[in-house]
Amino acid sequence: MKTLLLAALLALPQSDTLPVPHAYQDALRAGTRTRAGAPGPRYFVNQVDYRIETRIDPARARVWGSEVVTVTNNSPDALTQVSMNMTQNVFAPGNPRNRSAPITGGFDELAVTIQGRAVPEMPRPVRAIGTTNMVFDLVESVPPGGSFEMEVQWSFEVPEGTFRMGREGTEVFYLAQWYPQVAVYDDLNGWKRDPYLGDGEFYVDYGTFDVRITAPHRWLVSASGVLQNPEEVLTPTAQGRLANTSAETIMNVVTAEDLAAGESTATSPDGTLTWHYVAENVRDFAWGTSNRYVWDATVSEYEGLNGQTQTSMIHTFYRPDQANWDRSAEFAKHAIDNLSYWYPYPYPQMTVNEGVIGGGMEYPMITIIGGGRTPESLYGVTAHELAHMWWPMVVGTNEKAHAWMDEGLASFAEDLTMPMIFPDVDAGRNTMNGYLRVGGTDAETESMRHADTYGPFGNRGLASYGKPATGFRMLRYILGEELFDEALKEYTRRWAYKHPHPLDLFWTFEDVTDRDLDWFFYPWMYTTRVVDQAITSMEVSNGGRTVRIVVEDLGEIPLPVFVNIELEGGTLVTAEAGHDEWEDRRLVLEVDLPAPIVRAVIDPDEMYPDVDRMNNSWTPGMQ
């Protein structure tokens with residue numbers, strides 16, 4: 001089997017072949033990955049389950065927590081260490097970071113127990129651990145199929161609104177990067193120990209989270225997962241409304257009137273309530289709380305894998321004075337309904353919180369979106385953040401290494417759903433035009449770059465969001481919607497709850513379409529070459545009824561050519577040539593016409609991000 005896999009690898013075409021890292025070559029030999037882009041027969045993902053108890057003191061902006069973590073070793077290796085992500089330490093003094101951040105100290109009062117033994121190198125309290133990734137030796141090695149348990153305690157000060165989590169004063173909190181987290185042990189890297197610097201996001205395994213959150217009463221608490229004890233934390237009125245929520249209406253579970261009357265939650269003698277949430281088969285957990293939130297709910301309906309109707313609860317939490325948020329549940333439902341086209345939304349609920357950050361930030365089953373917006377803006381950010389429930393929440397990409405794999409696909413999916421609810425918004429064209437403002441200039445950066453290495457002038461946003469989204473839009477046009485959609489659906493299905501590499505995406509597309517697509521993926525994703533097709537000459541003979549069109553590739557990406565030829569009398573003739581018909585970046589189209597030519601136009605639908613459309617058309621008499 002190893003010989004066959006290696007032979008298949010070595011048989012790849014050598015011209016513009018996609019680079020295959022050494023670790024990926026080893027994975028092919030080991031049978032954990034395949035040349036078809038599918039997981040191999042020996043592929044594995046470890047499971048990490050958490051039981052967490054946490055409490056928040058909003059007045060002090062402080063959170064305390066303790067967790068019991070169970071790690072199941074599904075790898076073929078004996079584990080002798082455990083690597084922990086301490087992402088809250090990005091806010092500790094002295095830590096490297098590539099985004100500005102308030103200094104709050106990071107994790108404090110840290111205590112770690114592994115396999116029943118306290119780690120003596122971690123005295124309590126510990127202040128400002130100087131790293132966002134820590135490695136601990138195990139007391140006993142854990143064989144394949146075995147498991148081990150560890151306990152961690154911590155606290156931290158919640159930073160004022162930041163790029164992924166934080167607070168607005170002492171009235172809105174969004175808690176992410178909030179617990180010490182076991183890092184990924186995978187077939188490509190072993191323990192993945194990248195530091196968290198701010199730009200590159202997250203890479204984590206899947207498991208079940210059983211979380212109890214203690215907050216003051218009259219503070220609504222939303223979270224990843226399903227609320228287990230509504231009878232303990234909600235008023236009878238809110239419980240009744242929640243139980244009667246349907247797909248036909250938007251239910252106001254907690255209203256502004258409830259808020260004003262002090263009846264947004266149940267009450268208790270000690271002034272606190274404990275909200276119990278459980279999230280299954282997720283790669284992370286986040287939560288939010290506020291004493292200013294109202295709560296709307298509805299139900300999303302879509303076709304499941306078995307062809308039957310599947311449903312999921314939709315919740316939105318927001319301050320009632322924020323513009324257009326009364327449509328937030330409507331927008332979230334629309335996004336989940338339509339994004340389920342790619343793969344049925346697999347989770348029982350989706351929550352959207354308002355506040356804290358400028359844009360949006362996603363975690364499993366929950367997202368935070370900043371402030372009042374126009375309807376179009378609120379829907380666009382909502383659709384983008386909810387598209388992340390597929391990429392990277394279901395398809396667990398390494399966002400730190402390859403940000404474009406989730407941001408690019410989320411942007412592409414957002415652009416497709418936007419016109420469904422706002423027909424006048426051509427979101428895909430807007431994204432393409434955003435790319436064109438930078439494409440072909442020195443400010444452009446290739447997409448295939450580790451997310452932490454773009455640097456302050458590296459245009460991470462374009463390389464991770466706009467450029468790959470534009471590329472997917474362009475490839476969908478080239479392949480045709482049906483074939484492209486089949487490939488993206490298959491990629492999502494194959495890698496659900498797994499960790500794909502970019503080659504897995506590229507090669508799945510090649511496998512499903514039965515086409516070599518290196519000619520597209522290499523220049524678009526690995527370089528900053530641009531699309532610039534130009535009609536450089538045209539010869540007309542036979543009374544204007546025969547035309548010889550010379551097209552040149554001035555941008556070094558030899559894409560297929562699509563030409564509209566307008567004739568006298570209004571007739572339209574189309575001509576095209578494949579990507580493999582170029583010779584020295586030049587090709588010739590010869591077409592016999594039923595009437596004299598009036599005009600010829602390359603890429604008439606303007607689906608290509610052509611950096612110079614002035615050379616895309618020709619009329620008789622042009623030189």
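Relative contact order, whole percent, for the range 356-475 stands at 23, derived from Cα pairs under 8 Å and 6 or more residues apart. Remark: relative contact order (the chain) = 11 percent; criterion is Cα-Cα distance under 8 angstrom and separation of 6 or more residues. Measuring from label point to label point, each 7 Å out along Cα→Cβ, what is the Glu248 to Asn281 span in nm? Those two pseudo-labels are separated by 3.1 nm. For the chain, the longest principal axis of the Cα atoms and the long axis of helix 481-494 meet at an angle of about 30 degrees.
Starting from 0.36 nm per residue, how many nanometres of slack lie between Arg51 and Arg429 once their C-alpha separation is accounted for?
Values: separation 378, 0.36 × 378 = 136.08 nm, distance 4.55 nm.
Going from the current span to full extension adds 131.5 nm.
Sequence-ordered 3J(HN,Hα) estimates for the range 430-441 from the Karplus curve with 6.51, -1.76 and 1.60 and θ = phi - 60° stand at 4, 5, 4, 5, x, 4, 5, 5, 10, x, x, 10 Hz, glycine and proline given as x. Here the range 378-446 and the range 582-620 have alpha carbon centers that stand 29 Å from each other. Decide, for the range 228-279, between rounded, prolate and oblate: order the square roots of the alpha carbon gyration tensor eigenvalues as a ≥ b ≥ c, take rounded if a/c falls under 1.5, and otherwise choose prolate if a/b is larger than b/c, else oblate. Oblate is the answer for the range 228-279, as a/c is 1.5 or above yet b/c matches or exceeds a/b. Count charges around Ile368 for me, please; just the other residues with Cβ under 15 Å from its Cβ, Lys/Arg as +1, Asp/Glu as -1. Overall, the nearby charge balance is -3.
Determine, from the Cβ-Cβ distance of Ala30 and Ile103 and an R0 of 41 Å, the FRET efficiency 1/(1 + (r/R0)^6), rounded to the nearest 0.05.
Working: r = 43 Å, r/R0 = 1.06.
Rounded to the nearest 0.05, the efficiency is 0.40.
Between Glu376 and Ala118, what's the calculated FRET efficiency when r is the beta-carbon distance and R0 is 56 Å? Round to 0.05. Once the sixth-power term is evaluated, E becomes 0.55.
Amide H contacts of Val184: Lys192, each under 5 Å away and 5 or more positions distant or on a separate chain (H built 1.01 Å from N in the peptide plane; Pro and chain starts excluded).
Over all other residues within a Cβ to Cβ distance under 9 Å of Leu386, the charged ones net out to -3, with Lys and Arg as +1 and Asp and Glu as -1. In the chain, the alpha-carbon atoms span a convex hull of 168 Å³ per residue. Karplus-derived 3J(HN,Hα) values for the range 558-568, using 6.51 cos²θ - 1.76 cosθ + 1.60 with θ = phi - 60°, are x, 7, x, 10, 10, 10, 9, 10, 8, 10, 4 Hz; glycine and proline are entered as x. The phi torsions of the range 196-205, fed into the Karplus equation with coefficients 6.51, -1.76 and 1.60 and a -60° offset, translate into couplings of 8, 9, x, 6, x, 8, 9, 8, 9, 8 Hz, rounded to whole numbers, with Gly and Pro shown as x. For Gly106, the amide hydrogen comes within under 5 Å of the amide hydrogens of Phe91, Ala92, Glu157, counting only partners 5 or more places away or on other chains and with H modelled in the peptide plane. Other residues whose C-beta falls under 10 angstrom from the C-beta of Trp582 contribute a net charge of -4, scoring Lys and Arg +1 and Asp and Glu -1. Taking 27 Å as the straight-line reach from the Cα of Lys333, the lysines in range (excluding those fewer than 8 positions away in the same chain) are Lys489, Lys498.
Given contacts defined as C-alpha pairs under 8 Å and at least six residues apart, what's the relative contact order of the range 552-623, whole-number percent? All intermediate terms of the calculation are to be shown ahead of the outcome.
Numbers: 96 pairs, mean separation 23.4, N = 72.
Taking the mean separation of contacting Cα pairs over the length of the range 552-623, I get 33 percent.
Along the axis of the charge dipole computed for the chain (Cβ charges of +1 for Lys and Arg, -1 for Asp and Glu, origin at the Cα centre), the listed residues Asn98, Tyr341, Val550 are led at the positive end by Asn98.
Read the figures in this text as sums done on the coordinates, not as results from a lab. Computed from a predicted structure; not experimentally measured. Cβ: placed from backbone, ideal geometry, glycine included. Neighbour counts: every protein chain shown.
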